[in-house]
Amino acid sequence: MKKTFLILALILSFSIVNAKKVKFSVDMTGQTISSYGVHVSGDFQTLAGYSGGDWASNTTLMAQEADTNIYSIVVDIPAFKKYEYKFLNGINGTMLNLSLLNLGLDIISMIIVGYILILWLMILQV
C-alpha cells in the first residue's frame, strides 16, 4: 500500500512540475492591429512545441477574446522556470522601431545639411 501511494505521489508531482497552462494576454486598445495579427514570442516557444524555435515572431498567433481588444493564447510550458517574452503587433514588431530610428537619422541629416546651406549662403553674401 505504501509503495502504491509513493508511486502515485511521484507521478502526480512529476506531472505538476512538468507542465502548466500559462495564458499570455495583452490589451490592444488604441492600437491598429496588423493584418498579420498579434503574436507573442519568447524563450518558451520551443518548450511549448511551436516550430521555428524561440523568439520566432510568426508562430505564436494570439486570438481576440470575444468583442474586446484583448488578445490571448494559452500554452503548456514547464513550471518553475523564468521566461522572457514580448508581444508583437504583426510578425515583425521591430520593423517599426528600425523605421523610426532611420527616420530620425534622416531628419537629423537634413537639419545639418540645412545649417550648412545657411552658413554657405551667409558667407557668399559677405
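Quick note: the coordinates plus some simple rules give every number you see, no bench work behind them. Here the structure is a predicted model, which means the values were calculated and not measured. When we count neighbours, we look across all protein chains shown, and the Cβ atoms used for this are built from the backbone with ideal geometry, even at glycine.
Key figures for this structure:
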{"read-out": "Interchain or long-range residues, amide H under 5 Å from VAL40's placed H", "value": "THR60, MET62, LEU88"}
{"read-out": "Ascending count of other beta-carbon atoms within 10 Å, so fewest first, for ASP76, ASP67", "value": "ASP67, ASP76"}
{"read-out": "Residues LYS81, LYS20, sorted so that the one with the fewest Cβ neighbours within 10 Å comes first", "value": "LYS81, LYS20"}
{"read-out": "Neighbour-count ranking [beta-carbon atoms within 10 angstrom, fewest first] of THR29, THR60", "value": "THR29, THR60"}
{"read-out": "Relative contact order computed over the stretch 19-92 (Cα-Cα under 8 Å; 6+ residues apart), in percent", "value": "47 percent"}
